[in-house]
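The values are calculated or read from the model by the stated rules, or taken from the named source; none is laboratory data. Bear in mind the structure is a predicted one, so any value in this text is a computation, not a measurement. When we count neighbours, we look across all protein chains shown, and the Cβ atoms used for this are built from the backbone with ideal geometry, even at glycine.
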Amino acid sequence: MHRSLAASALMSLLIAASLAGCARKAERLVGNARLLRGPAGLGTTVRLSPAPDRDTYVDPGTADFGDFLLTGSNGSLQASAFLGVSSWNLPDTTLAGFQAQSVTLRLTRDLRVGFDTTEVTLYVAASAWDTTTISWPGPGAGAALATADDSRGAGEFEIPLGAGGFNLVKQAVSSPASVPGFTIQVSLGQKLVAYKAGAAVFRIVYAHDVSGSAVFDSLDTPVTQDFTLRSPLAPTPTGADSSLVLGGLFKTSTPLHFPVDSIPAGTSIDEATLVLFLQPGSSEPDSADVIEVRRIRSGWAEGITDQSSLTLDVTPLTTRLTNLVYSSAERRIAIRIPGDLLREWAVSASTNDGVFVSLLLSNDPTKEVKIGSRESARPAELHVTYTDLPPGRF
């Protein structure tokens with residue numbers, strides 16, 4: 001009997017020595033379901049659910065280089081699309097019987113946004129731009145080239161440049177600075193319309209003679225740069241809002257900061273889950289939407305409104321389809337985050353600048369998902385479960 005007690009005590013000391021200064025070894029041991037926990041076993045398991053002590057929502061800036069182009073108005077949002085061409089393709093004007101027939105801008109509709117017929121105008125931009133610094137409202141509209149009604153039917157939408165279109169293209173070739181780019185706009189107050197980014201072309205249709213007969217051909221010049229400029233986020237977040245907005249046409253995201261000072265250094269982090277509760281009346285995320293969580297690497301205050309105020313990791317901590325993390329019954333989003341992050345924050349509080357949550361909308365880019373802030377009845381929570389190191393003796 002005494003020999004068994006001595007062996008048990010020796011085993012306890014060996015385990016404790018192996019765990020000292022090594023949280024990963026602790027996690028491997030206390031995670032073993034066959035071992036006892038609590039005062040008589042391998043330390044005490046503690047569960048915490050701190051609410052954020054800082055939260056707000058921000059937009060990514062007024063220049064949007066995403067997958068669709070916007071122009072028009074929707075609520076407080078105003079938008080214009082900008083197009084650039086790096087090199088024009090011109091047909092051979094020396095062909096027998098050459099005659100330019102038409103020049104059109106062809107756009108592929110994105111029918112996820114905008115359903116009403118809208119009058120759209122193509123302008124030459126008043127000045128060139130630098131995509132690294134451009135912001136709303138951007139270059140003004142120069143000469144109006146053409147106007148057309150977009151009926152929002154399926155497929156492509158064409159804006160014909162009219163009789164002077166071919167001369168404009170030749171001018172752009174011979175003197176690029178005279179045609180720095182284009183902007184697509186609608187009259188103030190008209191409905192929003194959207195087009196697919198990366199799909200626009202200028203098409204030249206021309207005729208020439210082949211064996212005495214007129215033949216019609218076309219030549220496309222791809223738009224090599226396109227983006228949306230939109231008005232700043234409105235209403236402006238105050239840091240005391242009861243709802244935090246994810247997604248929508250402003251593409252807002254949420255920075256959150258949780259106090260984790262009460263987690264002892266060197267413990268085993270068994271679980272770390274970020275839980276976001278939807279506000280009453282909020283849209284629900286679609287199953288194909290994607291939620292991302294990134295680490296913030298700089299200090300921030302609740303008064304910020306622009307994502308550029310934050311330093312974010314390029315690689316997300318986690319990226320998940322919302323159908324894997326959203327519960328419609330509880331109307332909550334629960335995202336597991338690495339325990340290593342919590343361990344680092346527990347060891348050095350100065351490394352804790354919080355996390356940045358984004359919702360990438362798939363089917364409906366206009367949708368806004370509103371989650372509870374720390375001023376609401378259901379604020380976000382950080383669910384943390386950790387286990388202490390075992391005592392020196394069993």
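At a glance:
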{"quantity": "Candidates LEU244, LEU256, LEU278, filtered to the one that is assigned by TED's automatic domain parsing to the domain that holds THR318, of a type outside the set (Val, Ile, Thr), over 19 Å from SER308 (Cβ atoms) and out of contact with any helix residue (DSSP H, G or I) (no Cβ under 9 Å at 6 or more places or on another chain)", "calculated": "LEU278"}
{"quantity": "The listed residue being in contact (Cβ under 8 Å) with a residue 60 or more places away in the chain and not in a strand (DSSP E or B), out of ASP220, ASP209, ASP286, ASP226", "calculated": "ASP286"}
{"quantity": "Positions within the range 99-129 being in a loop (DSSP other than H, G, I, E, B) and either within 20 Å of ARG230 (Cα to Cα) or hydrophobic (A, V, I, L, M, F, W, C) (or both), in sequence order", "calculated": "ASP110, LEU111, ARG112, VAL113, GLY114, PHE115, ASP116, ALA126, SER127, ALA128, TRP129"}
{"quantity": "Unique residue being in contact (Cβ under 8 Å) with a residue 40 or more places away in the chain and surrounded by fewer than 20 Cβ atoms within 10 Å (Cβ to Cβ) when the list is ALA346, ALA334", "calculated": "ALA334"}
{"quantity": "Residue check for ASP130: at pLDDT 95 or above and surrounded by fewer than 16 Cβ atoms within 10 Å (Cβ to Cβ)", "calculated": "yes"}
{"quantity": "Where ALA96 falls short, out of the listed (1) in a loop (DSSP other than H, G, I, E, B); (2) buried (at least 18 other Cβ atoms within 10 Å of the Cβ)", "calculated": "(2)"}
{"quantity": "Filtered residue count, the range 339-364, keeping only those that are part of a loop (DSSP other than H, G, I, E, B) and at pLDDT 95 or above", "calculated": "3"}
{"quantity": "Those residues of the range 261-285 which are surrounded by fewer than 18 Cβ atoms within 10 Å (Cβ to Cβ) and over 23 Å from GLY339 (Cβ atoms), in sequence order", "calculated": "PRO280, GLY281, SER283, GLU284"}
{"quantity": "Residue in the range 229-242 that is hydroxyl-bearing (Ser, Thr, Tyr), over 21 Å from VAL113 (Cβ atoms), buried (at least 20 other Cβ atoms within 10 Å of the Cβ) and touching a residue at least 24 places away in the same chain (Cβ under 8 Å) present", "calculated": "no"}
{"quantity": "VAL186 vs. criteria over 27 Å from ASP64 (Cβ atoms) and touching a residue at least 40 places away in the same chain (Cβ under 8 Å)", "calculated": "no"}
{"quantity": "Counted residues, the range 88-117 - those being of a type in the set (D, E, K, R) and in contact with a His (Cβ under 9 Å, 6 or more places away or on another chain)", "calculated": "1"}
{"quantity": "Among the candidates ALA154, ALA163, residue that is under 28 Å from GLY247 (Cβ atoms), at pLDDT below 95, among the hydrophobic types (A, V, I, L, M, F, W, C) and out of contact with any Cys (no Cβ under 9 Å at 6 or more places or on another chain)", "calculated": "ALA154"}
{"quantity": "Of all residues in the range 179-209 being at pLDDT 95 or above and of a type in the set (Gly, Ala, Ser), the one that is nearest to LEU105 (Cα to Cα)", "calculated": "ALA200"}
